[in-house]
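Taking it in order: structure first as structure tokens, then the write-up.
The values are calculated or read from the model by the stated rules, or taken from the named source; none is laboratory data. What you see is a predicted model; the values in this text were computed from it and never measured. So basically every Cβ, Gly included, is an ideal-geometry build from the backbone, and we count neighbours across all protein chains shown. Please note that ligands, DNA and RNA were not included when accessible areas were found on the heavy atoms of the full protein model with its side chains. Shrake-Rupley method; radii C 1.70, N 1.55, O 1.52, S 1.80 Å.
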Amino acid sequence: MIDPSLALAAVVRKATIDALGADFADVDPAVRRSDRADFQADLAMGLARRAKMAPRPIAEAIVAKIEQGDLVEKVEVAGPGFLNFTLRGSWLAEAATAALADERSGATRSEAPETIVIDYSSPNVAKEMHVGHLRSTVIGDSLARVLQFRGHEVIRQNHLGDWGTPFGMLIEHLLDVGAERAEEDLAVGELGAFYKAARAKFDADPAFTERSRRRVVSLQSGDAETLDRWRMLVEVSKKYFDSVYRKLGITMKAEDACGESFYDRRLAPLAGELEGSGKATISDGALCLFPAGFQNKEGQPLPMIVRKSDGGFGYAATDLAAIRYRLGDLGANRVLYVVGAPQSQHFAMLFEAAKALGWLAAPRRAEHVAFGSVLGTDKRMFKTRSGDTVRLVDLVDAAVERADAVIGEKNPDLEPAVRSEVARKVGVGAIKYADLSSDRIKDYVFDLERMVSFEGNTAGYAQYAYARARSIFRKAEGAKPGAIQVTEPAERALVLELLAFGGVVKLVEETLEPHRLAGYVYAVALAFTAFYEKCPILKSDVDPATRASRLALVELGSKVIARALDLLGIEVPERM
Ligand code: ARG
């Protein structure tokens, strides 16, 4: 076993049963890292009522039964009944050696692999991707990586907004501009301007508005020429989105696109089925579901509209068809929706409806992975100076440019080609890390300068710790990693961090919170930096066994940092 907290939990559990009796066989003691000792357990507090004893005597009784074997060097009762553990350096050294030999650095796979659908990114065709899509894309991609690493079958779904009424005006605008011009503009990412121009005409010119309305009807009825134009808009937008994904190092592929249009042909039959079964009811001419527990301010039940009174279908109907497809056709056990917090009610109603319709029952589950907004340094919604939404690609370019300047200052000798590659990794990493390191449900401030800094909880700090490790190997002149020893406090602190890797990955799988992994990377990088400072490696007075052990720790540390950053979707540079 590599994770000491799991090994320790097993020891504490056995001692608890020995001390308190077989009735306590169900205890599952939590063992946490502590600044008082290597680990701390607080189970005595929770057992007091059940054992009809004060926590302190419980803790003492448990301690009396703890075998001080290979794992535990010392255990003490502290305060009201905490158990403070110090582990044997030899056990930690052995576990670290095992982690180094393991290509997963000690992180286990799930014992019950699932099929998990992750709906993320999901931008709208012929519309610019904005910072909200950035969050969905970056958070969703990290979760996809983590869940895949845990051994799950992950199905990425890009629920593109590629259908519906806006396409009437977009196609008419396309015809006005000429297909070729439109294609050129859209290909270079001028999606915002295209959409805006169409919208402006739609609002100002009644003839255009009327044409657009008729165009929607042609689209819905499958008119060949209209569909051709529509397809062109979709294809060009998809190409553009793909170029953004490539730039950001996102694992979403073209074949993961399953947009709203995909569900169109399922909507009328679904509505018919729900109407026929009596599960949906007509209200004000619209076919509605009324999921339990949702009311408006007046206390009336809130409808989820399946079919509008004009016979059309909207966002909610499409999501009903989509969740059924994901649970049924795709066979998902778990369906995740990485979408901003403003859509919380929509998803809560969707999940309730899916339960009522019998599509979604435990152990299957659907979760809205909600996130907050991106704010400017003025703490308001993030906008450009002219008040426009900020383009995703411009942010990435700005970050890479800034990273290039910072690296040029710190390391002027780097060859230009290497430097620009490093700047790309650092700039893209900075943007992603800033997003992933804050609790996703909270808003965060987009502050480029802070993001691209190499100090504090940033991607650059962790990337630098990695690059430094690689430079040690370049300077090692044939010295090789060898058997790990854990003697110095800085070595112990580093090893304790490194052995926690698998537990953190598991925590992200459960909580769907990548910031826990980012916080972990930071803790490892800090421990790594402290270790470099306290424990010389290549200095001539270091004996060969110590040098070999420390090189092995550098290797394990750099592997864990690289893997953890990779799970966040961030690349590491060999030098910086
Ligand atoms: N296209 C939508 C938007 O930009 C997000 C779609 C999210 N996924 C879903 N299944 N509703 O807001």
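Note on the range 441-452: residues that are buried (at least 17 other Cβ atoms within 10 Å of the Cβ), farther than 21 Å from LEU567 by Cβ and not aliphatic (A, V, I, L, M) amount to 1. A count restricted to the range 312-335 and to residues that are more than 10 Å from the ligand (Cβ to nearest atom) and either surrounded by fewer than 17 Cβ atoms within 10 Å (Cβ to Cβ) or touching a residue at least 60 places away in the same chain (Cβ under 8 Å) (or both) stands at 10. Of the set (1) within 20 Å of TYR522 (Cα to Cα); (2) modelled with pLDDT under 95; (3) open to solvent by less than 70 Å² (accessible area, probe 1.4 Å); (4) of a type outside the set (A, V, I, L, M), all apply to SER437 but (2). Given the structure, is GLY372 within 16 Å of the ligand (Cβ to nearest atom), open to solvent by less than 40 Å² (accessible area, probe 1.4 Å) and within 30 Å of ILE431 (Cβ to Cβ)? So GLY372 fits the description; yes. Counting the residues of the range 117-140 that are surrounded by fewer than 24 Cβ atoms within 10 Å (Cβ to Cβ), part of a strand (DSSP E or B) and either more than 16 Å from the ligand (Cβ to nearest atom) or at pLDDT 95 or above (or both) gives 0.
Among the criteria (1) under 30 Å from PRO303 (Cα atoms); (2) within 16 Å of the ligand (Cβ to nearest atom), the one ARG391 does not fulfil is (1).
Look at (1) open to solvent by less than 60 Å² (accessible area, probe 1.4 Å); (2) in a loop (DSSP other than H, G, I, E, B); (3) in contact (Cβ under 8 Å) with a residue 12 or more places away in the chain; (4) not hydroxyl-bearing (Ser, Thr, Tyr) and you find that VAL418 fails only one, number (2).
Residue-wise test of (1) crowded, with 16+ Cβ neighbours inside 10 Å; (2) of a type in the set (Gly, Ala, Ser); (3) assigned to a helix (DSSP H, G or I).
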residue: LYS14; (1), (2), (3): no, no, yes
residue: ILE17; (1), (2), (3): yes, no, yes
residue: GLN40; (1), (2), (3): yes, no, no
residue: ALA48; (1), (2), (3): yes, yes, yes
residue: ILE58; (1), (2), (3): yes, no, yes
residue: ILE62; (1), (2), (3): yes, no, yes
residue: LYS74; (1), (2), (3): no, no, no
residue: THR86; (1), (2), (3): no, no, no
residue: SER90; (1), (2), (3): no, yes, yes
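Among the residues in the range 99-107, are any assigned to a loop (DSSP other than H, G, I, E, B), basic (Lys, Arg), over 14 Å from LEU8 (Cα atoms) and modelled with pLDDT of 95 or more? Yes, that holds for at least one residue. Looking only at the range 191-212, how many residues end up being buried (at least 17 other Cβ atoms within 10 Å of the Cβ) and of a type in the set (D, E, K, R)? Number of matching residues: 2. With respect to the conditions (1) of a type in the set (A, V, I, L, M); (2) open to solvent by less than 40 Å² (accessible area, probe 1.4 Å); (3) under 29 Å from the mean Cα position of the chain (by Cα), VAL188 lacks only one, and its number is (2). Within the range 364-372, is there a residue that is in a loop (DSSP other than H, G, I, E, B) and more than 27 Å from ASP447 (Cα to Cα)? Looking for residues that are in a loop (DSSP other than H, G, I, E, B) and more than 27 Å from ASP447 (Cα to Cα), one finds at least one in the range 364-372, hence yes.
Take the residues in the range 141-163 that are more than 23 Å from ARG215 (Cα to Cα) and among the acidic types (Asp, Glu); name whichever of them is nearest to the ligand (Cβ to nearest atom). This residue is ASP141. Restricting attention to the range 460-483, does a residue exist that is within 30 Å of ARG334 (Cβ to Cβ), modelled with pLDDT of 95 or more and surrounded by fewer than 15 Cβ atoms within 10 Å (Cβ to Cβ)? The answer is no, given that none of the residues of the range 460-483 is within 30 Å of ARG334 (Cβ to Cβ), modelled with pLDDT of 95 or more and surrounded by fewer than 15 Cβ atoms within 10 Å (Cβ to Cβ). Residues of the range 375-407 that are basic (Lys, Arg) and part of a helix (DSSP H, G or I): ARG402 alone. For the range 239-287, filtered to residues that are in contact with a Pro (Cβ under 9 Å, 6 or more places away or on another chain) and open to solvent by less than 30 Å² (accessible area, probe 1.4 Å), the residue that is nearest to GLU128 (Cα to Cα) is PHE241. Considering each of SER309, SER261, SER344 in turn, give the residue that is touching a strand residue (DSSP E or B) at 6+ places or on another chain (Cβ under 7 Å), of a type in the set (Ser, Thr, Tyr) and within 13 Å of the ligand (Cβ to nearest atom). Exactly one residue qualifies, and that residue is SER344.
Each residue in the range 351-369 was checked for being more than 23 Å from PHE290 (Cβ to Cβ) and open to solvent by 80 Å² or more (accessible area, probe 1.4 Å), and 1 of them qualify. When the range 19-30 is filtered for residues that are open to solvent by 20 Å² or more (accessible area, probe 1.4 Å) and either free of Cβ contacts under 8 Å to residues at least 12 places away in the same chain or of a type in the set (Val, Ile, Thr) (or both), the ones remaining, listed by number, are GLY21, ALA22, ASP23, ALA25, ASP26.
Could you run through the range 253-300 and say how many residues are over 12 Å from PHE313 (Cβ atoms) and hydroxyl-bearing (Ser, Thr, Tyr)? Total satisfying the criteria: 3.
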